[in-house]
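Asker: Handing you a structure now.
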Amino acid sequence: PLFKMSYSCSKVGDPHPGQPYKGGDFCAFLPDNKEGLKTAKLLKKAFERGLTFQIKSCNGEERVTWSLIPHKTSWDGGKARNGYPDAQYLREVSAVL
């Protein structure tokens with residue numbers, strides 16, 4: 001079984017302080033086991049330190065997006081679609097964190 005982590009974000013690491021950015025609601029999924037809970041704690045620390053998101057320019061508009069920390073954003077679809085199954089995910093995300 002998996003559990004869902006939700007992030008809500010409207011402003012991250014301002015390259016232009018005071019300028020508003022389009023944010024969004026971001027969801028990620030982790031296994032509901034010891035390793036998944038350990039990873040959730042590490043992801044929470046990364047979020048608190050401002051490492052989970054970045055600001056990217058897209059079609060002339062700057063918006064909040066995921067950073068380089070990999071997140072599973074789907075229950076299924078495999079590694080190619082940021083989903084499960086992906087036997088290496090917890091090892092890979094732990095190395096990045």
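The values are calculated or read from the model by the stated rules, or taken from the named source; none is laboratory data. Source: prediction; values computed, not measured. Methodologically, a virtual Cβ is constructed for each residue, glycine included, from the backbone with ideal geometry; neighbour enumeration extends over all protein chains shown. Accessible surface areas use protein heavy atoms only, side chains included; no ligands, DNA or RNA. Shrake-Rupley method; radii C 1.70, N 1.55, O 1.52, S 1.80 Å.
Asker: Give me the one-decimal nm value for the distance between modelled label points at residue 44 and residue 4, 7 Å along each residue's Cα-to-Cβ direction.
Answerer: Going by the 7 Å Cα→Cβ label model, 1.9 nm.
Asker: How big is the dipole moment of segment 43-97 about its Cα centre under a simple scheme where the beta carbon of each Lys and Arg is +1, that of each Asp and Glu is -1, and everything else is neutral? Debye, nearest 20, please.
Answerer: Working: 9 positive and 6 negative charges, 29 e Å.
Here the size comes out at about 140 debye.
Asker: Would you kindly find the accessible area of residue 68, with a 1.4 Å probe and non-protein molecules such as ligands, DNA and RNA excluded, rounding to the nearest 10 Å²?
Answerer: Accessible area of residue 68: about 150 Å².
Asker: Then there's this: If all Cα-Cα distances of segment 24-97 are sorted into 5 Å bins from 0 onward, what percent lands in each bin, rounded to whole numbers?
Answerer: The calculated distribution, bin by bin, is 3, 15, 24, 26, 17, 9, 4, 1, 0.
Asker: Just to verify a number: FRET efficiency for residue 88 and residue 25, C-beta to C-beta distance, R0 = 35 Å, to 0.05? Show your work: numbers first, answer last.
Answerer: Numbers: r = 27 Å, r/R0 = 0.77.
Efficiency at R0 = 35 Å is approximately 0.85.
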